[in-house]
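Some notes on the structure that comes next.
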There are 2 protein chains.
Amino acid sequence: MKATIINIGDEILIGQIVNTNASWMAHKLNRHGLAVDQILAISDSKEAIFKALDKSIPDSTVILITGGLGPTNDDITKQALAEYFDMELAFHQASFDNIKQLFAQYDRVVDDNYEHQATMPVGARILINKTGTASGMWFEQKGKHIIAMPGVPREVRYLMKYEILPKLILELDTPTILHRTISLIGKGETHLSELLEDFEKGLPSNIKLAYLPDPVVGTIRLRLTALGNDAIVLETQLEHHVRKLIPLLGTMVFGEGKDSLESVIGKLLKDKNYTLGTAESCTGGMIAQKITSVAGASAYFESSVVSYSNESKVNLLAVQPTTLVNHGSVSEACVREMAKGAQQLLGVNCAIAVSGVAGPTGGSPEKPVGTVWIAIAVEDQIYTQKVQLGKERMQNIEQTSTIALNLLRRFLIGDL
Amino acid sequence: MKATIINIGDEILIGQIVNTNASWMAHKLNRHGLAVDQILAISDSKEAIFKALDKSIPDSTVILITGGLGPTNDDITKQALAEYFDMELAFHQASFDNIKQLFAQYDRVVDDNYEHQATMPVGARILINKTGTASGMWFEQKGKHIIAMPGVPREVRYLMKYEILPKLILELDTPTILHRTISLIGKGETHLSELLEDFEKGLPSNIKLAYLPDPVVGTIRLRLTALGNDAIVLETQLEHHVRKLIPLLGTMVFGEGKDSLESVIGKLLKDKNYTLGTAESCTGGMIAQKITSVAGASAYFESSVVSYSNESKVNLLAVQPTTLVNHGSVSEACVREMAKGAQQLLGVNCAIAVSGVAGPTGGSPEKPVGTVWIAIAVEDQIYTQKVQLGKERMQNIEQTSTIALNLLRRFLIGDL
């Protein structure tokens, strides 16, 4: 049972908007056992719509269409679909009543323009859209379901959730698809695939393994997907293979599902009743920002210092001027003093300190662009590490943040 | 001259990632005079790739493919394309040398696995990818160009920019398209389009105006696109209309082209010989991070304090405990003291201070989620403003950072 998503709109084809409807819809369809076979973005033209339908109807049981149902001249989806399915457009009272109700909420009166908006193809199921003025349309032809809705993300979500998915699941006897994801850090895709070669070969044919690297952040997610008929059987099967997979990866694994490094660190800190602060030079506050992006971070995060200048390292964090003279600000001695200074100044048990050359300038033969020192202080213990990154400023800042957070995680679980 | 974009990857079809490559590529192709006719996302399977090529080659002059070129088993694009175009795969020395060079940067040795990664279809043009181990491939068949690259966004951008777009433009004799963009903040799309109605009507038919909002950051770019044959004529024409446009927008305009709020602020601070620091609560360091994302920020940025807890506001920034008791931490009095405290502690002329309820919890009837106070201190002057944002934590953090930076910009240009 295959589904096609067709997103209509020139704004997608000229790259003006990112097609977030497609990913949201695909995610929902998959969770309900409808595998999406293709996602197609096309222009607001009758020819493009006809061609897309001609090409996708033979391969798909379900075709979900978004866009082009608004009241302006470039919205031609309704006319095109009515013509394609050889239906007439006629005034549809329930759609008009819905528009009137929506307008009443904002004390506005419906004008004549909206009678046109309330004409609908006679013979299609009409899906009343409580979040907007354009109704959805559901066409059936030889066992195929072709469903159109407006392109506004909020309206897509409403119609999918209340009008489309529940009925689709009832009418189509879909298979069950379940996913589990494991997040890890510390090895690239190639090394992982070598490490997991035997595991992958040992998977039953209904379970697939996928590698999903996030190259900006520097983490990888592994996804196990199981296809079958019985959700409970699939869950047990997935659990079994997840339990086989995790020990192969050891402490590289930091979480499952939606866990992020910063959310996992939050839990570890809370469990140990630790408080955290950061002393950041080259990352400019990104580590603090990541930590506080987790709701509830105030339970363990106190404060941070972004000590970008040498003066601020001395004045705020009590780094010794002689350390800067003898070793420079990008040095083990400096981050060590920064971490201790942060513990002292911020009154925290744990501190992350980083100092590095983010680039594009500031490098030297001994300390080229991408040289970074990191210190992790937990109570009276301190761990330092040097990393050598690349030449791109933003990537160096992102990767330093990730590596530093991971070092803190490893410290907290006793892996350093 | 039509182009098709094909994005290969199950992660797109199950909705695990948003297809940002497609919008980036579509945007670039359009800017270079190649209209994108359709964007197609398909699965990592030979059948899907063959079918997509069969369906799109007749309609398109250029087909750009991303994804499925990695070293793992689910990456099958190279094999599929070689088979489709009836080419053999053979070891490709330049691709292998590139992998070795990439690895040398990280002091890693290339293992045998990468010999497989360096096999390439004999007869295709090979595009060396200095940002990753998978080379791109360019097939030509009866005047059609079919070009494949890896799916990692950074690698897509590198290959498009340096290996694909310059050659496509040369070989396809596309029309000349020039763009100018103006960045602004302070009004939504609807209000802007009303304000610019007459300007837009007065544009010649070869110049188009587009609105490019960045809803995450809260800024809008206006793009004027001119189409023609002579670059010098188009440039003069564009300059004329840009000079008409800017006065209509006044101080909402903060820059042109690649200017960001933070880069513009950097220039203003340097011109006035000012130094800057921040005192951040709800933004958790994002303002400092944005400012230091600009290369050379050390010329004007000194340091910051992320004072997340009330204790740190008192201990580091000398906020009066009575202020917190009487007004709370999200108050005008508190951000005022934070800004002054930051000037003092960090030894800077200018300070930005923010404190707010980012959510999802922590709101109250008087100060619901989304309530934020901002203070801008420049020498002995201080400006404060309250803003009421929405319910989503990350959006509140992003928008607070943008609004605070814009207030500093307006203060520095005498607009407050």
Subset tally (residues that are under 26 Å from B:Leu405 (Cβ atoms), free of Cβ contacts under 8 Å to residues at least 24 places away in the same chain and either touching a helix residue (DSSP H, G or I) at 6+ places or on another chain (Cβ under 7 Å) or hydroxyl-bearing (Ser, Thr, Tyr) (or both)) for the stretch B:157-208
2
How many residues does the stretch A:92-122 contain that are under 28 Å from A:Ala52 (Cβ atoms) and either without any contact (Cβ under 8 Å) to a residue 12 or more places away in the chain or outside any helix (DSSP H, G or I) (or both)?
6
For the stretch A:8-24: of the residues being more than 7 Å from chain B (Cβ to nearest Cβ) and buried (at least 24 other Cβ atoms within 10 Å of the Cβ), which is farthest from B:Ile17 (Cα to Cα)?
A:Ile8
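Out of the residues in the stretch A:60-82 meeting the condition of being in a loop (DSSP other than H, G, I, E, B) and small (Gly, Ala, Ser), tell me which one is farthest from the chain's Cα centre (by Cα). Quick ask: steps written out before the conclusion?
Narrowing the stretch A:60-82 to residues in a loop (DSSP other than H, G, I, E, B): A:60-61, A:67-76.
With small (Gly, Ala, Ser) added as a condition, the list becomes A:60, A:67-68, A:70.
Numbers: A:Ser60: 27, A:Gly67: 23, A:Gly68: 27, A:Gly70: 29 Å.
Ranking the candidates gives A:Gly70 first.
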So, in the stretch B:104-129, how many residues would count as being within 32 Å of the chain's Cα centre (by Cα), at pLDDT below 95 and over 13 Å from B:Pro71 (Cβ atoms)?
5
Tally of residues being loosely packed, with under 13 Cβ neighbours inside 10 Å and not hydroxyl-bearing (Ser, Thr, Tyr) across the stretch B:354-390
7
Would you mind stating whether A:Leu224 is within 18 Å of the chain's Cα centre (by Cα) and within 13 Å of another protein chain (Cβ to nearest Cβ)?
yes
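Quick check on this structure: which one of A:Ser43, A:Ser56 is hydroxyl-bearing (Ser, Thr, Tyr), within 10 Å of another protein chain (Cβ to nearest Cβ) and within 25 Å of A:Lys161 (Cα to Cα)? Full working, then the answer.
On the way: A:Ser43 fails: within 25 Å of A:Lys161 (Cα to Cα).
A:Ser56 is the lone residue from the list that is hydroxyl-bearing (Ser, Thr, Tyr), within 10 Å of another protein chain (Cβ to nearest Cβ) and within 25 Å of A:Lys161 (Cα to Cα).
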Among the residues of the stretch A:128-163, which ones are aliphatic (A, V, I, L, M) and over 21 Å from A:Ser60 (Cα atoms)?
A:Ile128, A:Ala134, A:Val152
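Within the stretch B:270-288, track down each residue that is touching a residue at least 40 places away in the same chain (Cβ under 8 Å) and farther than 26 Å from B:Asn396 by Cβ. Explain how you work it out, then say what you get.
Within the stretch B:270-288, the first condition is being touching a residue at least 40 places away in the same chain (Cβ under 8 Å), and the residues that meet it are B:272, B:274-284, B:286-287.
Passing the criteria: B:Lys272, B:Tyr274, B:Thr275.
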All-but-one check, B:Gln381 against (1) in contact with a Phe, Trp or Tyr (Cβ under 6 Å, 6 or more places away or on another chain); (2) more than 14 Å from chain A (Cβ to nearest Cβ), failing number (1)
Would you mind stating whether A:Leu222 is touching a strand residue (DSSP E or B) at 6+ places or on another chain (Cβ under 6 Å) and of a type in the set (A, V, I, L, M, F, W, C)?
yes
Read through the list (1) more than 13 Å from every other protein chain (Cβ to nearest Cβ); (2) hydroxyl-bearing (Ser, Thr, Tyr); (3) within 30 Å of B:Gly33 (Cα to Cα), then give the number of the only condition that A:Tyr84 fails.
(3)
Regarding the stretch A:215-229, can at least one residue be identified that is farther than 21 Å from B:Ser293 by Cα, outside the structural domain of A:Val372 (by TED's automatic domain parsing) and of a type in the set (Ser, Thr, Tyr)?
yes
Output yes when any residue across the stretch A:292-302 is more than 26 Å from B:Val369 (Cα to Cα) and among the hydroxyl-bearing types (Ser, Thr, Tyr), and no when none is.
no
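Quickly run through the stretch A:48-91 and pick out the residues that are of a type in the set (Lys, Arg) and either touching a helix residue (DSSP H, G or I) at 6+ places or on another chain (Cβ under 6 Å) or within 19 Å of B:Lys51 (Cβ to Cβ) (or both). Even if it seems obvious, please write down each step before you answer.
Keep residues of the stretch A:48-91 that are of a type in the set (Lys, Arg), which gives A:51, A:55, A:78.
Across the stretch A:48-91, the qualifying residues are A:Lys51, A:Lys55.
For the stretch A:70-126, enumerate the residues that are among the polar types (S, T, N, Q) and touching a strand residue (DSSP E or B) at 6+ places or on another chain (Cβ under 9 Å).
Matches in the stretch A:70-126: A:Thr77, A:Gln79, A:Ser95, A:Thr119.
Against the condition within 14 Å of chain A (Cβ to nearest Cβ) and within 22 Å of B:Ser298 (Cβ to Cβ), how does B:Ala351 come out, does it pass?
Working: within 14 Å of chain A (Cβ to nearest Cβ): yes; within 22 Å of B:Ser298 (Cβ to Cβ): yes.
So B:Ala351 fits the description; yes.
The values are calculated or read from the model by the stated rules, or taken from the named source; none is laboratory data. Because the structure is predicted, anything quoted here is derived from the model rather than measured. Glycine gets a Cβ as well: all are built from the backbone with ideal geometry, and neighbour counts include every protein chain shown.
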